1. For segment 204-246, name all the residues that are under 17 Å from Asn192 (Cβ atoms), in a helix (DSSP H, G or I) and not polar (S, T, N, Q).
2. Please tell me if Arg143 is without any contact (Cβ under 8 Å) to a residue 40 or more places away in the chain and in a loop (DSSP other than H, G, I, E, B).
3. Determine which member of the set Ala300, Ala286 is modelled with pLDDT of 95 or more, more than 16 Å from ligand 2 (Cβ to nearest atom) and open to solvent by less than 10 Å² (accessible area, probe 1.4 Å).
4. Looking at (1) within 16 Å of ligand 2 (Cβ to nearest atom); (2) under 24 Å from Leu304 (Cα atoms); (3) not basic (Lys, Arg), can you tell me which one Leu228 breaks?
5. Among the residues in segment 245-252, are any in contact with a helix residue (DSSP H, G or I) (Cβ under 7 Å, 6 or more places away or on another chain) and either away from ligand 2 (no atom under 16 Å from the Cβ) or outside the structural domain of Ser187 (by TED's automatic domain parsing) (or both)?
6. Tell me, please, whether a residue that is more than 21 Å from the chain's Cα centre (by Cα) and surrounded by fewer than 20 Cβ atoms within 10 Å (Cβ to Cβ) can be found in segment 307-314.
7. Taking the stated definitions as given, is Lys75 open to solvent by 60 Å² or more (accessible area, probe 1.4 Å) and either part of a helix (DSSP H, G or I) or not charged (D, E, K, R) (or both)?
8. Name the residue, out of Ser270, Ser182, that is modelled with pLDDT under 95, over 20 Å from the mean Cα position of the chain (by Cα) and open to solvent by 10 Å² or more (accessible area, probe 1.4 Å).
Amino acid sequence: MKIAVLPGDGIGTEIVAEAIRVLETLDLRFEMESALVGGAAYEAHGHPLPEATLKLAKEADAVLFGAVGDWKYDKLERSLRPEQAILGLRKNLGLFANFRPAICYEQLVGASSLKPELISGLDILIIRELTGDIYFGQPRGRRTAVDGHFPGAEEAFDTMRYSRPEVERIAHVAFQAARKRSKRVTSVDKANVLETFQFWKDIVTEVGREYPDVELDHMYVDNAAMQLVKAPKKFDVVVTGNMFGDILSDEAAMLTGSIGMLPSASLNASNQGLYEPSHGSAPDIAGKGVANPLATILSAAMMLRFSLNQPEAADRIESAVQSVLAQGLRTADIWSAGTTKVGTREMGDAVVAAITKKTITG
Ligand code: IPM
Ligand code: MG
């Protein structure tokens, strides 16, 4: 089992270090190799996704990714900004299916900005298409307008587009995921305005006929944004395009009160995957040893389950995380009165200890 380890920037290095310690606690044999990515790679090699890093990622069974980005790179030309590393990995590895679970841990119900009764027991799976849509659509750029409201003026443009196979394959992913859960899919679109998303809706409906056991409904994205804060537990599997998925997955993450807890997986057609926490590089707290490593540790669990075919090891990590939460240990982002505040390293130690203890006592 070959894992490419790409810690990246900001808190990325701190949290990935803890996930690796957790992986090393399992009695499994991994081949792990690290490389620079994002701002760190730009500093060292002049590019956020150097050839060698991409090669390492391509040759691995899975990529364990930290986070990239820092405000100090905002002025760089777009192709050199840290975010291009993650976009480049998605594109080059064909990682089209992004799984972003939003689970509310019972012990953390109080950390949400929503009323506890709205989110207690919440367990949503957002499936975001990750390699199409306006993110990658060509053409894009700047030019002088020849028509529109201001002919002759400077303008910028991007292209929203989806092909039939792109929509079909993500729809299949969603229906199959729903079969393992409560057999409900909500497809989120903007078919009332956008041609691309009428096409999306038509194709998801067609694919849905192959899954008569799964209930499918459709929702406009604006309504979905509203329903997510009004009655989030009505959702189960949500499938949507790249840009709507970017926005809704952050909203869903925050419902749980703790983006620091949420893992994610991005898979290609051969189940090769990139695993990363749903949160970013948090430059404001980088190097302080206070970041929450649990999203990354849980991403490592997803990696074991989806790409490395080690579901039992994944279960062990997940139950160890439950157990440290039950012990009352909290990093600053999820801390509340009556619980014990710990740093990144101590949280990692606690997860390692919980795994070791379970191993010894069975
Ligand atoms: C995400 C991030 C990325 C995205 C950025 C960093 C390019 O927001 O993974 O959700 O927009 O997809
Ligand atoms: Mg995002």
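1. Val204, Val221, Asp222, Ala224, Ala225, Met226, Met243, Phe244
2. No.
3. Ala300
4. (2)
5. Checking segment 245-252: not a single residue is in contact with a helix residue (DSSP H, G or I) (Cβ under 7 Å, 6 or more places away or on another chain) and either away from ligand 2 (no atom under 16 Å from the Cβ) or outside the structural domain of Ser187 (by TED's automatic domain parsing) (or both).
6. yes
7. Considered against the rule, which asks whether it is open to solvent by 60 Å² or more (accessible area, probe 1.4 Å) and either part of a helix (DSSP H, G or I) or not charged (D, E, K, R) (or both), Lys75 comes out as no.
8. Only one candidate passes the filter, namely Ser182.
The values are calculated or read from the model by the stated rules, or taken from the named source; none is laboratory data. Computed from a predicted model, the values in this text were never measured in an experiment. Cβ atoms come from the backbone with ideal geometry, glycine included; neighbour counts cover every protein chain shown. Each accessible area value is taken on the protein alone, full model and side chains, heavy atoms only, with ligands, DNA and RNA left out. Shrake-Rupley method; radii C 1.70, N 1.55, O 1.52, S 1.80 Å.
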